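Visitor: Take a look at the following structure, please.
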Amino acid sequence: MYRGDWLVRLPALSRAAWNPLRWRVAANVWGLGITSLLTDISSEMVVSILPAYLVMTGGMAPLALGLATGLHEGGPLFAAWMGGLIADRSGRRKLTAGLGYGVSAICRLGWLLLPGQSMSVVAGLVLSDRIGKAIRTAPRDAVVSLSTEPDQLSTAFGVHRALDAAGATLGPVLAFFVLWQLPRRYDVVFLTSLVASLLGVLALALLVSEPADRPTISNGARPDAFAVFRDVPARRVLALAAAFGLVTISDAFVYLLLVQRSEAGPEWIPLLYTASAAAFLVLAIPVGYAADRIGRRPVFVFGHAFLVLSYAAAFSRFPAWPWNALVCVASLGAFSAASDGVLPSLASALLPAHTRAVGLAWVATAASAARLCSAVVFGLLWTRAGARVAVLTFTMALIAVLCAAAWGRSVESSVSR
């Protein structure tokens, strides 16, 4: 039966949701989730205090903050591809991911030991941290997918992303409490961040094992770094990720629009990030479960409708603050739940095991590069033509891509029948 008839099967899906076996995921997924939770606590502690540490306390120009933010958002895109290729060719995905986590931990030590009062130091530390993240992402996701049954991929990624979001939520809160009790003691924040990062590396070493069916040199050909481009279904997922990334407005712009049009203070922006991460935390697992039951592609595609709702909440004046903020962060959290975990599970189901990591790396690179381009274009449109033109242009483009993706799927389904 076609998976798109999920409305007809909704009662059966609801009954199946009460089966505890449907929610059981592999130990590797929990181990990687705990690793990501601790690492994200460490990362977000540093990111959340950079504005105050660099500009307000360090006396550096806002250009330094802009440089740090740009490197953090964009980062070394093709390091992800290299990490995936190394993991597939060596067959040691856990070890490759551990290398990325180790690089990030060393960066935390750098913030503690180096003064951080020059742009070169700031750029070097932020860029090194993003290299570590890029290296570990594809091997980590490959371990999640290779440790999971095919019909539970989105649920497993949902569990992992929920724990990851918990770390993103707790990190800024922990940094706030440290500075509340010890004002201007940024060194204590950096030390706490280093400890959390080292605990994450320890969790990876103790709680995660290499998937039992990892390939070796003796069981077949070496992984092809460009195989994903010759596989038609995988290539469609790649194009889907890039197309939606090009019409996605960065969260930073959405929050800035929200506070400006609501005449709220800038101090609300960090709380908006935390609230969005909390919404993602709540929704990641149930949305992943739903994607496994009704189809990953429709959940990913129609999850972008929440983006349209978030744009409307941020740009319009109705409903009034703080209700528009609640709608905005809830919508962004729902969108993240329908994309961040569902997209790698959608790609994993199409990629063979021996090219799983590098294939996932290409998908992540396509999405990241597209979002980097969209951020530049949106910023340019806002500067040249104003916020209204920029938001309306991207909203119409997003609706067009969403309709095209939905129409393309309906055509494929009718042909297959």
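Visitor: Quick check: pseudo-label points 7 Å beyond the Cα along Cα→Cβ at L202 and R24, how many nm apart are they?
Guide: About 3.0 nm, to one decimal.
Visitor: Also, quick follow-up: Between R261 and C403, how high is the FRET efficiency from 1/(1 + (r/R0)^6) when r is the Cβ-Cβ distance and R₀ = 35 Å? Nearest 0.05. Show your work: numbers first, answer last.
Guide: Working: r = 27 Å, r/R0 = 0.78.
My answer for the efficiency is 0.80.
Visitor: Right, another one. Picking from L204, Y186, A165, whose Cα lies most toward the positive end of the charge dipole for the range 113-209 (charges on Cβ: Lys, Arg +1; Asp, Glu -1)?
Guide: Y186
Visitor: How high is the relative contact order of the range 301-344, in percent, with contacts defined as C-alpha pairs under 8 Å that are six or more residues apart? Write out the running numbers ahead of the final one.
Guide: Details: 33 pairs, mean separation 21.0, N = 44.
Dividing the mean separation by the residue count of the range 301-344 yields 48 percent.
Visitor: Run the numbers for L326 and A239: contour at 0.36 nm per residue of separation, minus the present Cα-Cα distance, in nm. If you can, show how the numbers build up before the last one.
Guide: On the way: separation 87, 0.36 × 87 = 31.32 nm, distance 3.19 nm.
The L326-A239 span can extend by a further 28.1 nm.
Visitor: With charges set only on the Cβ (+1 for Lys and Arg, -1 for Asp and Glu), what does the dipole of the range 290-417 come to about its Cα centre, in debye to the nearest 20? Walk me through the numbers on the way to the answer.
Guide: On the way: 10 positive and 3 negative charges, 26 e Å.
Rounded to the nearest 20 debye, it is 120 debye.
Visitor: Next question. Checking the a/c ratio against 1.5 first, then a/b against b/c, what shape does the Cα gyration tensor give for the range 315-368?
Guide: Numbers: a/c = 5.88, a/b = 3.56, b/c = 1.65.
Prolate.
Visitor: Could you check the spin-label model distance between T393 and I106? Points 7 Å from the Cα along Cα→Cβ, value in nm.
Guide: My value for the distance between the label points is 4.2 nm.
Visitor: Between A252 and V121, what FRET efficiency comes out of the Förster formula 1/(1 + (r/R0)^6) with R0 = 25 Å and r the beta carbon distance, rounded to 0.05?
Guide: Working: r = 23 Å, r/R0 = 0.93.
With a Förster radius of 25 Å, E is 0.60.
Visitor: If I stretch the segment between F302 and L113 completely, what's the gain in nm (0.36 nm per residue apart, minus their alpha carbon distance), one decimal?
Guide: Values: separation 189, 0.36 × 189 = 68.04 nm, distance 4.64 nm.
Taking 0.36 nm per residue and subtracting the Cα distance, the gain is 63.4 nm.
Taken together, the values in this text are just the output of simple stated rules run on the coordinates, not laboratory data. The model shown is predicted, which means the values in this text are computed figures rather than measured ones. All Cβ positions, even for glycine, are placed from backbone atoms using ideal geometry, and neighbour counts span all protein chains on display.
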